[in-house]
Amino acid sequence: MPDILLVHGSCHGAWAFRDLAPVLQDLGYTARAIDLPGHGNTPHPIADITLELYADTILDAIEESAIVLGHSMAGFPISAAAERAPNRIDRLIYLCAYVPRNGVSLVDMRKEAPRQPILEAVERTADGLGMNILPHKARDLFYQDCSDADVEFAISNLCTQAIKPQATPIQIGENYARVPKSYIRCTLDQTIPPEHQLTMVSDWDQKDVYDIARSHSPFFSDPLGLAALIDQIIKD
């Protein structure tokens with residue numbers, strides 16, 4: 001069974017996959033979650049956190065090859081990693097994630113959405129280098145269909161997100177293009193509008209686009225259903 005590498009989104013860490021990774025392991029996969037620099041148990045000076053550093057961290061975590069799943073913001077660094085080393089990535093799975101276009105930053109892609117609900121739930125750090133999720137806004141933004149215990153756990157672990165990786169235009173080309181890709185759209189997402197998720201994959205073969213009727217955090221609200229869908233994608 002293939003190795004699955006799980007990459008978290010903004011302000012999160014490997015802890016986000018606390019429930020999903022064991023279910024994937026029960027299905028026979030080698031599933032591992034990593035902390036990007038500055039997240040979880042990987043402290044790093046915020047001024048030195050870049051999109052390139054995120055991509056390097058992902059590639060460093062792949063032993064030979066892997067299926068790489070990226071949640072939300074992680075759509076950008078997993079794509080950058082695929083551009084650098086396409087032979088080491090068997091498939092990219094975007095979980096309600098940003099699908100980049102060459103020369104465009106994540107910030108610019110977010111501005112293209114018809115709605116930007118995340119803006120009212122974040123605040124910049126005093127130095128302007130990062131942003132934090134306002135705790136009282138987190139449930140409605142990320143976890144509206146999650147249990148109280150999961151929401152409490154998540155909010156207690158949220159961290160500052162470096163802005164530089166999201167403001168950096170990505171450089172992707174033929175290497176990235178030849179890596180197989182699948183997209184999981186969360187139809188109840190209150191962070192990245194579901195209609196924007198469809199727009200980002202409008203030119204894909206739609207057999208590679210899947211829906212799950214969950215919020216932005218199905219790894220908490222429905223780890224069994226999400227794992228089953230990932231298993232289906234891999235077997236298809």
Exercise for the section: State whether one or more residues within region 128-138 are touching a helix residue (DSSP H, G or I) at 6+ places or on another chain (Cβ under 6 Å), of a type in the set (D, E, K, R), assigned to a loop (DSSP other than H, G, I, E, B) and surrounded by 12 or more Cβ atoms within 10 Å (Cβ to Cβ). Expected result: no
Exercise for the section: Looking for whichever is within 15 Å of the chain's Cα centre (by Cα) and of a type in the set (A, V, I, L, M) here; the options are L198, L188, L158. Which one fits? Expected result: L158
Practice task
Would you mention how many residues in region 153-182 are in a helix (DSSP H, G or I), surrounded by 15 or more Cβ atoms within 10 Å (Cβ to Cβ) and small (G, A, S)?
Solution key: 1
Practice task
Return the total of residues in region 1-50 being polar (S, T, N, Q), within 15 Å of A61 (Cβ to Cβ) and either in contact with a strand residue (DSSP E or B) (Cβ under 6 Å, 6 or more places away or on another chain) or touching a residue at least 60 places away in the same chain (Cβ under 8 Å) (or both).
Solution key: 1
Completion exercise
The residue that is surrounded by the fewest Cβ atoms within 10 Å (Cβ to Cβ), considering only those in region 183-236 that are acidic (D, E) and in a helix (DSSP H, G or I), is E195
Completion exercise
Picking from I155, I170, the residue that is at negative phi, in contact with a Lys or Arg (Cβ under 9 Å, 6 or more places away or on another chain), free of Cβ contacts under 8 Å to residues at least 40 places away in the same chain and of a type in the set (V, I, T) would be I155
Problem - Selection count where residues are among the small types (G, A, S) and within 19 Å of D203 (Cα to Cα), scope region 83-100 - result: 1
Handout entry: Any hit, region 58-66, residues being farther than 15 Å from R32 by Cα and not hydroxyl-bearing (S, T, Y)
Key = no
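Just so you know, all these numbers are worked out from the coordinates, no wet-lab data involved. The structure displayed is predicted, hence computed values, not measured ones. So basically every Cβ, Gly included, is an ideal-geometry build from the backbone, and we count neighbours across all protein chains shown.
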